[in-house]
Amino acid sequence: MVIYKNSKYLLKFLNMIILVLGGARSGKSRYAIKYAESLSNFSNFYYIATAQAMDEEIKKRIERHKKERGNKWRLIEEPLDLCEVLKKF
């Protein structure tokens, strides 16, 4: 956290990465979206999608997740190299 004391307003900046883990179809996406959006201090949301659309069922789930997230989320699709994506943050 960085606090600027010589300002008329007290500004606080906080960077967070929250990793939600769980099994397939365990509710990870819904939980992560709800939790992140409850943090009212944040407005930049990134969703790192690791699923690969291998069949019709997963394609439908991916589309449902996109609708649930809405436009305020930035999507990063990376099925294999999660560490490389996280290095950018």
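For this structure, a couple of remarks:
- Available extension along the chain between Phe89 and Lys60 is 7.5 nm, counting 0.36 nm per residue and deducting the alpha carbon span.
- Between Ser26 and Tyr46, full extension at 0.36 nm per residue minus the direct alpha carbon distance yields a gain of 5.2 nm.
- Largest first, the three principal axis extents of the alpha carbons in segment 20-70 are 38, 21, 14 Å in whole numbers.
- Restraint check, Lys34/Lys87; Lys67/Lys87; Lys67/Lys88; Lys60/Lys87; Lys34/Lys67, Cα-Cα greater than 23 Å: Lys34/Lys87; Lys67/Lys87; Lys67/Lys88; Lys60/Lys87
- Tyr46 long-range amide H proximity, modeled H, under 5 Å: Arg74
Read-outs: derived from the displayed coordinates by stated rules, not from any lab. This is a predicted model, so every value here is computed, not measured.
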